[in-house]
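Asker: Supplied in structure tokens, the structure appears directly below.
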Amino acid sequence: MTSKGECDVIAGRSIFRSLLLALSLWLACAPDAARAAPRRALQAAAVASPDRYGAIAARTVLRAGGNAVDAAVATAFALAVTYPEAGNLGGGGFMTLYMDGKPYFLDYRERAPAAATPDMYLGPNGEPVADLSAVGNLSVAVPGTVRGLAEAHHRFGRLSWKQDLAPAIALARAGFVVSPQLIGIRDGAKAQFAKTTNFTPWAAGLQAGQLFRQPELANVLQRIAERGPDGFYAGPTADLIVAQMSRGPVKGLITRADLQAYRAAWRTPVQGRWRGYDVITAPPPSSGGIALLQMLTMKADAARLFAGQPLNSPQYLHLLAEIEKRVFADRAVYLGDPDFVTTPVASLTAPDYLARRAREIDPVKPSATGAVRPGLEKPQTTHFSIVDRWGNAVSNTYTLNGWFGSGVVVEGGGFLLNDEMDDFSAKPGAPNMYGVVGGSANAIAPFKRPLSSMTPTILTRNGRVAMVLGTPGGSRIFTSVFQVIVDTYDFAMPLRAAVAAPRYHHQLLPPDTLFAEPYAPFPAALAAALRARGYRLENQDFNGDIEAIRVDGGRPTVAPDPRARGFALVIP
Ligand code: DON
């Protein structure tokens with residue numbers, strides 16, 4: 001890959017030397033349309049995973065001749081065993097792929113059960129009942145992960161399905177060593193689950209530094225290995241899920257028919273150009289890809305305002321907040337499941353629309369929250385990134401929603417179920433667990449997918465993979481992905497430094513509030529300068545777990561997020 005800077009340097013030296021060099025310069029620096037470069041293998045494969053077991057599972061199948069999709073399937077199933085707070089069988093997610101030089105997007109987001117109704121979380125007073133959409137049986141949407149992974153494998157896998165599942169089955173049977181970080185997350189989560197779920201007895205099996213064996217989960221994985229998705233959506237596993245719905249104080253809605261009817265969907269990824277890169281990212285039902293492109297484009301449009309502003313200076317953060325305000329105003333109104341609502345993707349990412357939005361930025365003070373309207377005329381999760389030696393890439397974010405999802409463990413199956421129903425708007429204007437609001441586009445309906453922020457993203461340059469990244473973090477996801485991309489390319493930071501750099505967040509509501517991270521609170525001078533401009537400052541407990549790979553000249557470098565227990569490997 002040749003960067004713009006390299007092209008300039010080559011040009012300076014070579015034009016006078018020889019025609020041959022001039023020709024190679026043209027080949028290296030010509031616009032995309034002029035080059036049909038043969039695809040070149042990378043010097044190594046790479047994986048960036050939220051834990052070491054996921055990375056090792058990927059390495060096992062890559063070494064056996066598997067491609068990026070085989071590795072993704074192996075990592076996703078392994079994390080369902082070793083990363084129970086977010087890795088899953090009982091949740092859903094999105095996979096952005098770049099295979100044989102072409103972009104793809106797989107939506108395996110959970111869907112509302114057939115019996116879901118728009119007001120199912122409202123009490124007699126018409127207000128959302130606390131926790132009903134986030135904890136226990138009623139918060140569970142129909143899981144999509146197993147169907148999604150099978151679909152990806154069916155279309156692109158090189159190894160057998162059983163080979164891809166083998167590392168996960170071995171980990172479930174033999175056990176994995178529980179990290180102190182997992183114990184911390186469990187301890188933080190358990191109080192909310194205590195009254196209405198069976199989380200406590202299951203979670204008591206997790207002891208820091210000890211092996212955690214999951215024989216029931218191994219049996220479920222074995223059934224999936226042998227029967228494909230029917231090992232989950234039919235037969236004994238489906239029976240266990242349905243039986244779980246009627247246990248405990250709050251009954252759930254998922255039926256056998258709901259499980260049988262679940263389908264993943266291939267969708268057209270959101271794509272845009274930014275600084276010579278093709279950005280390939282998540283379309284609805286994620287808001288993340290549209291938001292990421294909006295942010296990258298508005299920042300480039302407002303280049304004059306950003307010029308000379310040091311990273312994370314008061315003025316820089318103010319300008320970012322101005323952009324984020326406008327992105328979240330659009331998100332709340334326009335975005336929902338594309339099978340149910342028409343999302344104006346092209347209009348929301350159109351260059352002239354974003355240029356107009358960028359012109360609305362107040363360069364000095366926060367724009368009044370109420371004045372930031374949707375702009376068109378009419379109106380706990382985990383991520384891993386993989387590249388293989390053929391230059392294919394998978395960027396996968398999947399989730400149970402909150403850590404450990406609904407807290408409901410399928411008895412006899414040993415796996416947790418999601419609480420993805422909380423990503424719907426229970427009532428227009430009522431904030432969900434991430435504090436974001438929505439309207440009718442994201443209202444609950446049978447079989448509908450809730451709006452997401454997950455943003456698995458791939459950047460390519462001249463047809464070759466340049467970066468693969470994503471993160472958990474709810475509404476912080478796309479602002480985190482944005483900051484890592486910008487820190488890497490606009491601020492020329494090495495990938496590990498860009499991933500480690502402090503991240504800040506604003507989301508329109510609460511008004512004029514900027515969030516920092518617990519381990520990097522606002523430095524005193526920055527805090528004083530931002531307060532003087534009218535911002536309220538808050539430290540939040542979580543700001544993502546980016547797992548990123550960058551490829552330069554066919555050579556991958558990897559960056560697991562130091563915030564958690566990420567682990568990355570370059571596999572020669
Ligand atoms: O789809 C979404 O946007 C959320 N359910 C993601 C949840 C998440 O990132 C939790 N992370 N800690």
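The values are calculated or read from the model by the stated rules, or taken from the named source; none is laboratory data. Keep in mind the model is a prediction, meaning the values are calculated, not measured. When we count neighbours, we look across all protein chains shown, and the Cβ atoms used for this are built from the backbone with ideal geometry, even at glycine. Each accessible area value is taken on the protein alone, full model and side chains, heavy atoms only, with ligands, DNA and RNA left out. Shrake-Rupley method; radii C 1.70, N 1.55, O 1.52, S 1.80 Å.
Asker: Got at least one residue in region 329-345 being touching a helix residue (DSSP H, G or I) at 6+ places or on another chain (Cβ under 6 Å), open to solvent by less than 20 Å² (accessible area, probe 1.4 Å) and more than 21 Å from Lys448 (Cβ to Cβ)?
Answerer: For region 329-345, residues touching a helix residue (DSSP H, G or I) at 6+ places or on another chain (Cβ under 6 Å), open to solvent by less than 20 Å² (accessible area, probe 1.4 Å) and more than 21 Å from Lys448 (Cβ to Cβ): absent.
Asker: Could you tell me which of the residues Val387, Val394 is more than 9 Å from the ligand (Cβ to nearest atom), aliphatic (A, V, I, L, M) and under 30 Å from Gln507 (Cα atoms)?
Answerer: Going through Val387, Val394 in turn, the sole match is Val394.
Asker: Would you confirm whether or not region 96-104 contains a residue that is under 22 Å from Val387 (Cβ atoms) and polar (S, T, N, Q)? Don't jump to the end; show me each part of the working.
Answerer: Start the filter on region 96-104 by keeping residues that are under 22 Å from Val387 (Cβ atoms), which leaves 96-104.
Keeping just the survivors that are polar (S, T, N, Q) gives 96.
Among the residues of region 96-104, at least one is under 22 Å from Val387 (Cβ atoms) and polar (S, T, N, Q), which makes the answer yes.
Residue by residue, here is whether (1) assigned to a loop (DSSP other than H, G, I, E, B); (2) charged (D, E, K, R); (3) within 26 Å of Asp278 (Cβ to Cβ) holds:
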site: Leu106; (1), (2), (3): no, no, yes
site: Met120; (1), (2), (3): yes, no, no
site: Ser133; (1), (2), (3): yes, no, no
site: Ala150; (1), (2), (3): no, no, no
site: Ala166; (1), (2), (3): no, no, no
site: Ile183; (1), (2), (3): no, no, no
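Asker: Identify the residue in region 273-308 that is in a strand (DSSP E or B) and open to solvent by 20 Å² or more (accessible area, probe 1.4 Å) and, among all such residues, is nearest to Val146 (Cα to Cα).
Answerer: Asp278
Asker: Here is a follow-up. Suppose we keep only residues that are in contact with a Ser or Thr (Cβ under 8 Å, 6 or more places away or on another chain) and in a loop (DSSP other than H, G, I, E, B) within region 432-443. Which one would you say is nearest to the ligand (Cβ to nearest atom)?
Answerer: Across region 432-443, the extreme among qualifying residues is Tyr434.
Asker: Kindly evaluate Ile254 against the criterion of being surrounded by 14 or more Cβ atoms within 10 Å (Cβ to Cβ), part of a helix (DSSP H, G or I) and either of a type outside the set (D, E, K, R) or touching a Phe, Trp or Tyr at 6+ places or on another chain (Cβ under 9 Å) (or both).
Answerer: Against the criterion (surrounded by 14 or more Cβ atoms within 10 Å (Cβ to Cβ), part of a helix (DSSP H, G or I) and either of a type outside the set (D, E, K, R) or touching a Phe, Trp or Tyr at 6+ places or on another chain (Cβ under 9 Å) (or both)), Ile254 does not qualify.
Asker: Please verify whether Gly407 is open to solvent by less than 10 Å² (accessible area, probe 1.4 Å), assigned to a loop (DSSP other than H, G, I, E, B), in contact with a Lys or Arg (Cβ under 9 Å, 6 or more places away or on another chain) and of a type outside the set (Val, Ile, Thr), treating the condition exactly as stated. Walk me through it before giving the result.
Answerer: Values: open to solvent by less than 10 Å² (accessible area, probe 1.4 Å): yes; assigned to a loop (DSSP other than H, G, I, E, B): yes; in contact with a Lys or Arg (Cβ under 9 Å, 6 or more places away or on another chain): yes; of a type outside the set (Val, Ile, Thr): yes.
So Gly407 fits the description; yes.
Asker: Next question. With the condition being among the charged types (D, E, K, R), I'd like the helices (runs of 4 or more DSSP H) fully within region 194-234 carrying at least 1 qualifying residues.
Answerer: The qualifying helices (runs of 4 or more DSSP H) are 215-227, 230-233.
To keep it simple, each residue is scored yes or no on (1) over 14 Å from the mean Cα position of the chain (by Cα); (2) more than 15 Å from Leu311 (Cβ to Cβ); (3) part of a helix (DSSP H, G or I); (4) among the hydrophobic types (A, V, I, L, M, F, W, C).
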| residue | (1), (2), (3), (4) |
| --- | --- |
| Ala445 | yes, yes, no, yes |
| Lys448 | yes, yes, no, no |
| Arg476 | no, yes, yes, no |
| Phe482 | no, no, yes, yes |
| Leu508 | yes, yes, no, yes |
| Leu526 | yes, no, yes, yes |
| Ala529 | yes, no, yes, yes |
